[in-house]
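For reference, the structure discussed in these notes is given below.
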Amino acid sequence: MFTNEEKEAIYKVIYSRRDVRSFTSDPVPKAAIERILEAAHHAPSVGFMQPWNFILIEEEEIKHRLAWAADKERRALAIHYENDDRSSKFLNLKIEGMKEAPLTICVTADPTRGGSHVLGRNSIPETDIMSTACAIQNMWLASCAEGLAMGWVSFYKKSDVRDILEIPPHIDPVALISIGYTDGYPKAPILETVKWEKRKELEKLVYHNKWPVLT
Ligand SMILES: Cc1cc2nc3c(=O)[nH]c(=O)nc-3n(C[C@H](O)[C@H](O)[C@H](O)COP(=O)(O)O)c2cc1C
């Protein structure tokens, strides 16, 4: 179905995609955003419910209010890492990135879409959010292929984001996504580069037949 070159391309995108937290103010081409959203819309979803919406935010005032909501949460979280203010600094970088990036996209999930008996969602209700996460990953890969940088922000109070974007109470604001160009697309996860965490060995995460007795 795919040539070797095409196969290499997909793995290249998967391995090169990075979470980015600094952006230039260069505008993002509309056609690229349309392709990125189309890629998101081709994600798998439970019962094919397609629970997502994408709110494109370019107005500076609204972007700043969202950054304020994330900063408020960063300050509230700071109490958990009193002895390690690196965490606070990293989260702060992300907030600066939110203000820099020319475009923010709020990706939402509508748990009511498709009625009360979405095929496959009866047993695990959070599969609507999982489906939305698949859409976000498609956006991430498509952005990378387009030469655009993307960052995912998930520290905020959902009620703040609902208020700012006038989102109805039953809709879940799953992610705030910053998109733009960057001067330095990271070669490795930033948290790995700063020795926060490194990629675990895959071999240790793969089990056979049963969960092993770990010593
Ligand atoms: C569900 C999810 C939520 C995330 N939320 C945040 C966030 O709130 N702030 C942040 O700085 N990074 C966030 N990230 C980005 C991760 O920190 C990043 O993906 C991870 O460090 C690995 O780096 P990489 O994406 O460059 O491979 C999030 C990623 C995912 C998948």
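The values are calculated or read from the model by the stated rules, or taken from the named source; none is laboratory data. Quick caveat: nothing in here was measured; it's all calculated off a predicted structure. Don't worry about glycine lacking a Cβ; one is built from the backbone with ideal geometry, like all the others, and counts go over all protein chains shown. Keep in mind that these areas ignore ligands, DNA and RNA; they rest on the heavy atoms of the full protein, side chains included. Shrake-Rupley method; radii C 1.70, N 1.55, O 1.52, S 1.80 Å.
At a threshold of 8 angstrom on Cα-Cα distance, excluding pairs fewer than six apart, so keeping six or more, what relative contact order does the chain reach in percent?
Reported relative contact order: 34 percent.
In the chain, carbon and sulfur make up what percent of the accessible area (probe 1.4 Å)?
Solvent-exposed carbon and sulfur of the chain make up 56 percent of the total.
Whenever you get a sec, line up Trp68, Trp196, Trp52, Trp211 from highest to lowest accessible area (probe 1.4 Å, protein heavy atoms).
Trp211, Trp68, Trp196, Trp52
Determine the per residue accessible area of the chain with all protein chains present and a 1.4 angstrom probe, expressed in square angstrom.
63 Å²
For Asn122 and Asn53, FRET efficiency with R0 = 25 Å and r from the beta-carbon atoms, rounded to 0.05?
0.65
At 20 °C and 1.002 mPa s, grab the translational diffusion coefficient of the stretch 58-113 from Stokes-Einstein with a Kirkwood Rh over Cα pairs, rounded to a whole number in µm² per second.
The Stokes-Einstein estimate is 170 µm²/s.
Just the accessible area for Cys134, please: 1.4 Å probe, Å², rounded to the nearest 10?
50 Å²
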